[in-house]
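The values are calculated or read from the model by the stated rules, or taken from the named source; none is laboratory data. Because the structure is a prediction, the values reported are computed rather than measured. Note: ideal-geometry Cβ built from the backbone for every residue, glycine included; neighbour counts use all protein chains shown. Areas reflect the complete protein model, heavy atoms only, side chains present, ligands, DNA and RNA absent. Shrake-Rupley method; radii C 1.70, N 1.55, O 1.52, S 1.80 Å.
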Amino acid sequence: MAKQFQALPGTFDVLAPESARYGALVGRFARHVEAAGYGLVVSPLIEEVDLFRRVGESTDVVRKEMYDFEDKGGRHIALRPEGTAQVMRAYLQHHPQPPFKAWYAGPNFRYERQQAGRFRQHHQVGLEAIGTADPDIDVEVIALQHDFYKELGLIQVTLKLNSLGDATCRPAYRQLLLDYLTEHQDELCDEHKATIADNPLRVLDCKREPCIKATEHAPFQVDHLCAECKQHLDRVTQGLDALGIAYERAPRLVRGLDYYTRTTFEFAADALESAQNAIGGGGRYDGLGEALGGAPTPGIGFGSGIERILLACDAEGVFATDEVANAPDVFVIDTVGGSAARDLTAELRRAGIAADRAFDGRSFKAQMKQALRSNARLAVVVEDNGIELRTLTEKGEPEALDRATIVDHLRKRLDQ
Ligand code: HAM
């Protein structure tokens, strides 16, 4: 027998009706952020591998998890692991008017160890605001993410906030931390014992007990900010307070990509297991434009995992599939064969009535089952001696329909 194929590990198919939630989530996100001036950016799935190397040399995402290959033209290509670097690349390439406010939705690829809520192809909705260093846009970005979760009905969400400083205060802080970690090197977990010099900040984010214990008294960037970074952070927290957005200070939050400066944040879904409870995160990346060969270009944004958001919705019992899945208005049941059901279904669709039907001349009982499964409100039964209307969502007697006025009659019944 020929081999039966399966989706690759860490990838999955999303079928209806579950896929309706994907569509509905992206639709809601689009309305939410377009109302705040963000326009859709559609980016390629492939980029030069160096684009990502440039922004994440010391991160797992870039070092260990990238899907990369040589194309037929000999170029070294990567499937994108995230969206920010390429939106910045697009900004530097096309020079749109700043602030360039762009949103996106789509797949990202990371060769991770597969587990609940962690996939090799995951999907994000996200946005970037490029070209302004104004702390009020930090507040705008965080508020949009916060309000989006709220709009979906999520309640058990915690915003964690930190500042990672900038080119003025980060180098001195980095050295301070490195000195502290070198002193405590023997107490760290095996991985970090060997790699502290690559990226000492990452040790603060390590979830292993030895690192947590060894860094109990470590210096944190937020206590070593320069005056400008401190002022920036104060303006952001004032804005969040004014908007009634609660946050927790998270001095250990360093995020998994290297480009962050100043404001960094993550939203945790408290209803999920803590290893995969980050439903979205982001921050400022004022050095990214220069790292990509452009002029100094401030920017801030966030990305949020669609699968993680939906897991959080399941855990809280909100934004359920049956709230958003599309059902037909009418299901056409054919008991006579021939072309009557085919033509009637087409006529209903052209009149704007959502209609579905059965095929293959199945029994009345089987078609009725299919109609019920479709969640249609009404069934139209084509019989030898006429057409009958049945209500599927509540009890009621069948009603004879006149073929000539069927569209008007159904419209009235459906309140269209
Ligand atoms: P990130 O934190 O790497 O940030 O990913 C954003 C979100 O994508 C995470 O919070 C999580 O919900 C989801 N996610 C990431 N990896 C996986 C995975 N393997 N499986 C399932 N979900 C995942 C970024 O990607 C940045 N580009 C965000 C950003 C935008 N920063 C500034 N602007």
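Annotation note: Cβ proximity below 6 Å between a residue of the range 340-369 that is free of Cβ contacts under 8 Å to residues at least 40 places away in the same chain and a residue that is in a loop (DSSP other than H, G, I, E, B) and surrounded by 13 or more Cβ atoms within 10 Å (Cβ to Cβ) (sequence gap 6+ or interchain) occurs for A354/P328; A354/D329; A355/P328; D356/P328; D356/S374; F364/T335; Q367/A358. Once the range 178-202 is narrowed to residues that are in contact (Cβ under 8 Å) with a residue 24 or more places away in the chain and in a helix (DSSP H, G or I), the residue that is nearest to P296 (Cα to Cα) is L201.
Of all residues in the range 193-205, those satisfying the criterion of being at pLDDT below 90 and either open to solvent by less than 20 Å² (accessible area, probe 1.4 Å) or of a type in the set (V, I, T) (or both) are T195, I196. Residue check: is R308 under 22 Å from the mean Cα position of the chain (by Cα), closer than 16 Å to P99 by Cα and within 12 Å of the ligand (Cβ to nearest atom)? Judged against the criteria, R308 is not a match. All of L8, L25, L15 fail the test of being assigned to a helix (DSSP H, G or I), of a type in the set (A, V, I, L, M) and either away from the ligand (no atom under 16 Å from the Cβ) or under 17 Å from P107 (Cβ atoms) (or both), apart from L25.
Taking helices (runs of 4 or more DSSP H) that do not extend beyond the range 60-177, which have at least 2 residues that are within 12 Å of the ligand (Cβ to nearest atom), open to solvent by 70 Å² or more (accessible area, probe 1.4 Å) and at pLDDT below 95?
Answer list for the range 60-177: none.
Among (1) away from the ligand (no atom under 16 Å from the Cβ); (2) under 30 Å from P135 (Cβ atoms); (3) under 23 Å from the mean Cα position of the chain (by Cα), which single condition is A320 missing? Here A320 meets the rest and fails (2). Pairing each residue of the range 65-93 that is in contact (Cβ under 8 Å) with a residue 12 or more places away in the chain and over 18 Å from G294 (Cβ atoms) with any residue that is part of a helix (DSSP H, G or I) and away from the ligand (no atom under 14 Å from the Cβ), provided the two are 6+ apart or on different chains, yields C-beta distances under 6 Å for D68/V49; H76/V49; A78/V49.
Restricting attention to the range 268-283 and to residues that are within 8 Å of the ligand (Cβ to nearest atom) and part of a strand (DSSP E or B), the residue that is surrounded by the fewest Cβ atoms within 10 Å (Cβ to Cβ) turns out to be A278. Among the residues of the range 218-252, those identified as open to solvent by 20 Å² or more (accessible area, probe 1.4 Å), of a type in the set (A, V, I, L, M) and assigned to a helix (DSSP H, G or I) are V222, A227, A242.
Would you say Y259 is near the ligand (Cβ under 10 Å from one of its atoms) and either over 21 Å from Y38 (Cα atoms) or touching a residue at least 24 places away in the same chain (Cβ under 8 Å) (or both)?
Spelling it out, Y259 is indeed near the ligand (Cβ under 10 Å from one of its atoms) and either over 21 Å from Y38 (Cα atoms) or touching a residue at least 24 places away in the same chain (Cβ under 8 Å) (or both).
In summary, G256 fulfils each of the numbered conditions (1) at pLDDT below 95; (2) of a type in the set (G, A, S); (3) assigned to a helix (DSSP H, G or I) with the single exception of condition (3).
Within the range 39-59, restricting attention to residues that are open to solvent by 90 Å² or more (accessible area, probe 1.4 Å) and part of a loop (DSSP other than H, G, I, E, B), the residue that is modelled with the highest pLDDT is V42.
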